[in-house]
Amino acid sequence: MNTSRTLATAARVLRQLRHDPRTIALMLLVPALMITLLRYVFDASPRTFDSTGASLLGIFPLITMFLVTSIATLRERTSGTLERLLAMPLGKGDLIAGYALAFGLLAVVQSALATSLSVWFLGLDVLGSPWLLLLVALLDALLGTALGLFVSAFAASEFQAVQFMPAVIFPQLLLCGLLTSRDTMQPALRAISNVLPMSYAVDAMTQVQTHPTPTTTFTQDVLIVGACALLVLVLGAATLRRRTS
């Protein structure tokens with residue numbers, strides 16, 4: 001990997017996104033709007049909002065970044081942009097890292113906006129530090145970016161990229177412990193949930209919500225989510241094709 005090429009790729013992606021206000025609005029505003037909607041859905045039950053809001057604060061950015069990244073990357077592949085870039089002295093690792101850096105910077109803004117809105121304006125009550133909420137939300141957004149880059153290699157159209165969402169995101173939503181405790185699941189389902197990164201993201205958010213200081217479990221969960229994001233980025237670089245079929 002070459003640092004200057006990675007930074008140049010990230011700058012190019014950011015310049016393109018600057019001219020796409022709808023995509024920027026989707027990435028930055030939709031998670032905040034969903035959290036706000038959730039707050040008023042549970043207006044008569046603040047404790048319910050506290051128990052689910054922290055978890056969804058990490059899930060919403062993951063889903064949003066997955067959709068935007070997979071579609072944006074596939075759009076460049078189908079237009080021939082990626083093929084032209086890879087014909088230059090630009091490694092696949094440089095390209096993937098540049099995309100991850102560009103979308104990661106937007107993920108920082110997205111996570112900070114959603115977290116600050118939830119804690120300081122919507123009254124999300126957590127025992128731990130809001131900065132830890134921000135950390136987990138950011139890692140979730142980066143994980144969504146990595147998953148989007150990875151699955152875009154297997155889609156031939158934007159419609160197919162969206163179709164990956166039920167296969168990649170929905171099972172994690174059902175098994176992450178948001179709807180029911182993972183300890184009460186059938187052994188087979190619990191075993192599957194133990195290898196899904198969203199499960200550890202929800203666990204980390206729960207730890208922040210219920211403990212005033214970081215716990216060992218929280219540290220393990222954060223490391224697992226970060227490692228999964230890095231692993232998926234490596235797989236994305238390995239599966240990136242130099243030619244568009």
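The values are calculated or read from the model by the stated rules, or taken from the named source; none is laboratory data. What you see is a predicted model, and the numbers here were worked out from it, not measured in a lab. Cβ atoms come from the backbone with ideal geometry, glycine included; neighbour counts cover every protein chain shown.
Observations, loosely collected:
- Figure legend. Inter-residue proximity from the range 156-174: first residues farther than 22 Å from N194 by Cβ and modelled with pLDDT under 80, second residues surrounded by fewer than 16 Cβ atoms within 10 Å (Cβ to Cβ) and of a type outside the set (V, I, T), beta-carbon distance below 6 Å, spacing 6+ or different chains. No pairs are indicated.
- With a requirement of 1 or more residues that are touching an Asp or Glu at 6+ places or on another chain (Cβ under 8 Å) and either surrounded by 13 or more Cβ atoms within 10 Å (Cβ to Cβ) or not small (G, A, S) (or both), the helices (runs of 4 or more DSSP H) lying completely within the range 164-245 that satisfy it span 187-193, 197-210, 216-239.
- The requirement of being of a type outside the set (G, A, S), at pLDDT 80 or above and touching an Asp or Glu at 6+ places or on another chain (Cβ under 9 Å) is not satisfied by D43.
Quick grid of which residues meet (1) in contact with a helix residue (DSSP H, G or I) (Cβ under 9 Å, 6 or more places away or on another chain); (2) part of a helix (DSSP H, G or I); (3) at pLDDT 85 or above; (4) under 22 Å from A229 (Cα atoms):
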{"position": "F66", "(1), (2), (3), (4)": "yes, yes, yes, yes"}
{"position": "G98", "(1), (2), (3), (4)": "yes, yes, no, yes"}
{"position": "L127", "(1), (2), (3), (4)": "yes, no, yes, no"}
{"position": "V136", "(1), (2), (3), (4)": "yes, yes, yes, yes"}
{"position": "L147", "(1), (2), (3), (4)": "yes, yes, yes, yes"}
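- Selected residue (criterion: nearest to P212 (Cα to Cα)) from residues of the range 100-128 that are surrounded by fewer than 18 Cβ atoms within 10 Å (Cβ to Cβ) and out of contact with any Leu (no Cβ under 9 Å at 6 or more places or on another chain): L127
- Test: L231 is over 23 Å from A54 (Cβ atoms) and modelled with pLDDT of 90 or more: yes
- Within the range 36-64, being among the small types (G, A, S) and part of a loop (DSSP other than H, G, I, E, B) holds for A44, S45.
- Test result for S152, surrounded by 15 or more Cβ atoms within 10 Å (Cβ to Cβ), within 15 Å of the chain's Cα centre (by Cα), farther than 15 Å from A201 by Cα and among the small types (G, A, S): yes
- Cross-chain or 6+ apart pairs with Cβ under 7 Å, the range 6-23 first and under 17 Å from A97 (Cα atoms), then in a helix (DSSP H, G or I) and of a type in the set (G, A, S): T6/A97; T6/G98; T9/G98; A10/G98; A10/A102; V13/G98; V13/A102; L14/A102
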